[in-house]
1. Once the convex hull of the alpha carbons of the range 1-79 is built, what does its volume come to per residue, in cubic angstrom?
2. Pop out the ³J(HN,Hα) list for the range 71-84 in order, Karplus 6.51 cos²θ - 1.76 cosθ + 1.60 with θ = phi - 60°, rounded to Hz; leave Gly and Pro as x.
3. Taking loop as defined by DSSP and a crowding limit of 15 other beta carbons within 10 Å, which chymotrypsin sites (Phe, Trp or Tyr not before Pro) in the range 13-88 fit?
4. Counting only residues 5 or more places away or on other chains, whose amide H sits under 5 Å from the amide H of VAL82 once H atoms are built in the peptide plane?
5. Taking only the Cα atoms of the range 32-73, how large is their convex hull per residue, in Å³?
6. Near the amide H of LEU148, under 5 Å away, which other amide H atoms are found, from residues 5 or more places off or on another chain, if H is placed in the peptide plane?
7. Taking every pair of alpha-carbon atoms in the range 26-162, give the share separated by more than 19 Å as a whole percent.
8. What's the ranking of 72-82, 249-259 by average number of surrounding C-beta atoms within 10 Å, highest first?
Amino acid sequence: MADGRTGLVVALQANYCWVELDEPGPGDCRRLLCTRRTRLSKTGQTICVGDRVQVDGIDWAAARGAVAQRLPRHSLLQRPAVANVSRVVVVVSLAEPPLDPDQLTRFLITAEATGQPVLLVLSKADRLPQEIVALWCGRLRCWGYEPLVTSAQRGLGLEQLRAELGRPGIAVLCGPSGVGKSSLLNGLRPDLQLRVAAVSGRLQRGRHTTRHVELFAVAPGALLADTPGFNRPQLPGDPAALALLFPELRQRLGEARCLYADCLHLGEPGCAVGSDWDRYGLYSRCLADLQEEQAGFRRTGPGAIDAGRDDEAGLRRRGDRLEPRLAPAWRQPSRRRQRQRLSSPDLADSDHP
Ligand SMILES: [Zn+2]
């Protein structure tokens, strides 16, 4: 079509999407409000922010058009959906609300599932003594991450974050609500005028201030998607692939091979990984959650599952959650984790309920 153009989806709004054109049209028109051609949905092509698309039927005077085709994606962040992500920046706060290893692990898994580099940012470093911050950094290095410690209040780490976000491509900023993502962004680009999440008193849970995903330019060629704060990301996909979303496991599995190809690394005989690693408890819990989903449980909250009920997926009930059924000998917490718990009482321990 003569008026066909290519562009980038920068925001979604109800049934419309905003497309930023690669080349401006008449009257320097760069941004079009577009509908989606019905054949897109017929071929199962969903459109999300970050997608590169072909637009036709352009009405330049009204700055309107229609998305005719989605161009191939190189990556996808599942929730919130952002396509063609170049890196994922996971932000969690060290305090107010306190760092929760289980929640952080879920965000990291979602980020790792994109197959892109993941940057872990710790916010509100001013709220904790330096020794505790150092303990956290040490623990997170064992997870395979080199955390960037920041404080919007003290301007700590902001230069490094700015450099990281200024690299070409699409970066996605995600993390629980109330961790100060908006404050960090305001520190980087005051003109963005992002509303700062007010941490609500008793629950210390941030109010949702960022309601939808939108891409905005932070530097030439560098786009950032600030995502809505949500507190418990859904785990992506296949239980058998979960291990590869843990960098420390990925590394061990690159060095040694388990006896059985379908090893789930839950302490089975011949497992090259074993259970002597910090996130073993978190890993096994995430795995149990995924298996539970696969087994087709009704998921209307933890209370929806009958207490003490076993099932074919080899799960058993413990507290308000399900865990894989294992022989008792395999369930012993590792000596290393017991030591850690004794040596670092200040760190929130969520390995066991
Ligand atoms: Zn294994």
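1. With only Cα atoms used, the range 1-79 gives 94 Å³ per residue.
2. 7, x, 9, 9, 7, 8, 8, 5, 9, x, 5, 9, 8, 6
3. The qualifying sites are TRP60.
4. Placed amide hydrogens put LEU77 under 5 Å from VAL82.
5. 62
6. LEU120, VAL121, LEU122
7. Everything past 19 Å amounts to 63 percent.
8. Going from most to least packed, we get 72-82, 249-259.
Readers should treat all values here as calculations from the given coordinates under stated rules, not as data from a laboratory. Not measured: the values here are computed from a predicted model. Neighbour counts are summed over all protein chains in view; Cβ atoms, including those assigned to glycine, are modelled from backbone coordinates with ideal geometry.
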